[in-house]
Each structure stands twice: as C-alpha cells, then as structure tokens.
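Right, one structure below, let's go through it.
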Amino acid sequence: MNYDKMFSIVEDLPFDTEEDIYLSKRERIYLLRPSVLSKKYSSYDPKTNIQVWLEEDGKRPFKPNHLRILIDLKLRVREHPELRYELLEAFDRIFYGEDPLVAIKPLQHYAFNQHIGSLEVTAILAQLFIIEQEYGFNGDSNYNPPSLYIQGWIRYFIDSDYEIDILCRRICGNSTPPVKYTCRDDKNHKKYIDGSKPLWYL
C-alpha cells in the first residue's frame, strides 16, 4: 500500500495488538505498539512508539534494523551493478509515497543470489522505517523530513562504490549520509527544491 494508507494504519494501531503488514509463505512483517516500554526505551512516548517485527520461516520473530535493508541493497547492486539506477529509482519512489510492491515490480524478473531477505520485504521495511522516523522520532533532527536520514543512507549504499565494511562503519559511527543525497529533499537546506523527482542527485 502507498505511504498515506500505511501511515494511517500506524496512526490507528491499538496498543498491544499485532497488525500484519505482509505475509508470504516464508516471511511475515507485523507492527506492534506496546503499552508498556522497557527501561531501555523509557524516554519514548508509547503513543508514537511503533515496533516493526519480522518473522522468517516460522523462526522466532525479531526487530530488524536499518542495517538489514542497507546491506541487502548493497549486496544486490554489487551482484548486478547494471541495476544501480533501477534500484535507486525504486527506493526513491517508495520514499516519495508509492506502494513498495509497485515500485519494485520492474526489478522482480531479475535473479538475485546475493541478498539477506526477499526484495519485497526489503522494500516494505524501507517504507516502514521511513514512516517510523516521521511518526515516532524523538528529539531534534538534522533533516526536514526526519526520514531523509535513512533515505540518504539508502541512496548512498546503492550508489557508492565503497565496500560494505566502509559504509557500515560510517553509519555505525553516527555520521550522516553525504549531503548530495539529501539536500534537495531537505526543507532545512538552502538547495531544497519542492517536488523533487527520483534520481535528482545523479
């Protein structure tokens, strides 16, 4: 579903209720809004705290993080460098509000041997992480919208020629993605352009 419909699901999610977002024979993505948070997350607002959960092959569910989709996309473009622009465009379209499963359709007839999960799950997780930052981000963000942080990294991981090791070290070191991947979408930046299109940074 597109961004607006998914955002509405997030907004309306009751406490302590699992909401299935994606189901396949091997994978399940669901959302949960816990009414009671652990001490680790005591600074979070329960009303805007949404947890994204992933279950694979009937194994124990876990909460995937940003690195999962970033590494998955880097593996795909490393195997198929000729699909760099197609991957960038698909995930830009997701960022701009398109249904993830529609955005990745042009890529689904390619065989990927290097990946972490399915392309469908990676695309839906990307959308959910974008919404998560828009809906539940606590504190001041360097970006407007805050989701540009993850989108900038998605663009950088796909487009960069650096190895996974270097890219992971940079994001894990709390650095920000290069400004070339965020400036025209960032309302806080002097180069912001309203209505930017996919691939504007190339």
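Could you give the nm distance between label points at residue 53 and residue 144, where each point is 7 Å from its Cα heading toward the beta carbon?
In this crude label model, residue 53 to residue 144 measures out at 3.7 nm.
What is the ratio of the Cα radius of gyration of the stretch 157-202 to 2.2 N^0.38 Å, where N is its residue count, to two decimals?
Rounded to two decimals, the normalised Rg is 1.32.
Using only Cα atoms, what Kirkwood radius does the stretch 55-202 have, in angstroms? Walk me through the numbers before you get to the answer.
On the way: mean 1/r = 0.0636 Å⁻¹.
Result for the stretch 55-202 stands at 15.7 Å.
Need the C-alpha centroid separation for the stretch 89-116 versus the stretch 33-75, integer Å.
Between the Cα centres of the stretch 89-116 and the stretch 33-75 lies a distance of 21 Å.
Which of these, 39, 191, 63, has the largest mean-square fluctuation under a Gaussian network model of the chain (Cα springs below 10 Å)?
Highest fluctuation of the listed residues: 39.
Check residue 22: other-chain or 5+ apart residues with amide H under 5 Å from its amide H, H built from backbone geometry?
29
Mind giving me the nanometre distance, one decimal, between the label points for residue 18 and residue 36, set 7 Å out from Cα along Cα→Cβ?
Computed distance between label sites residue 18 and residue 36 equals 1.9 nm.
Just to be sure I understand: with springs between alpha-carbon atoms less than 10 Å apart, which residue in 35, 160, 43 has the highest mean-square fluctuation in the Gaussian network model of the chain?
43
In the neighborhood of residue 4, defined by Cβ-to-Cβ distances under 12 Å, what is the net charge if each Lys or Arg adds +1 and each Asp or Glu adds -1? Walk me through the numbers before you get to the answer.
On the way: positive: 5; negative: 11, 98, 99, 134.
It works out to a net charge of -3.
Net charge near residue 96: determine it from the other residues with C-beta under 11 Å of the C-beta of residue 96, scoring Lys and Arg +1 and Asp and Glu -1.
-2
How much length is gained if the chain between residue 82 and residue 163 is pulled fully straight, taking 0.36 nm per residue apart and subtracting their Cα-Cα distance, in nm to one decimal?
On the way: separation 81, 0.36 × 81 = 29.16 nm, distance 1.68 nm.
That works out to 27.5 nm of additional length.
DSSP loop (so not H, G, I, E, B), at most 16 other Cβ within 10 Å: list which chymotrypsin sites (Phe, Trp or Tyr not before Pro) in the stretch 11-82 pass both filters.
44
Please identify, among 188, 174, 142, the residue showing maximal mean-square fluctuation in a Gaussian network model of the chain using a 10 angstrom Cα cutoff.
Looking only at 188, 174, 142, the largest GNM fluctuation is found for 174.
Determine the gain in length on full extension of the stretch residue 189-residue 4; use 0.36 nm per residue of separation and subtract their C-alpha separation, reporting nm with one decimal.
64.1 nm
Any idea what the relative contact order of the chain is, in percent, if you count C-alpha pairs under 8 Å spaced at least 6 apart?
18 percent
What's the magnitude of the charge dipole for the stretch 3-56 around its Cα centre, counting Lys and Arg as +1 and Asp and Glu as -1 at the beta-carbon? Answer in Debye, nearest 20.
220 debye
Given a Förster radius of 25 Å and the C-beta distance between residue 137 and residue 27 as r, what FRET efficiency does 1/(1 + (r/R0)^6) yield to the nearest 0.05? Can you show the working numbers first?
Working: r = 26 Å, r/R0 = 1.05.
Efficiency, rounded to the nearest 0.05: 0.40.
Values quoted throughout were computed directly from the atomic coordinates according to the rules given, and no laboratory measurement underlies them. Computed from a prediction, not measured in an experiment: that's the story for all the values here. With ideal geometry, Cβ positions are generated from the backbone for all residues, glycine too; neighbour counts draw on all protein chains shown.
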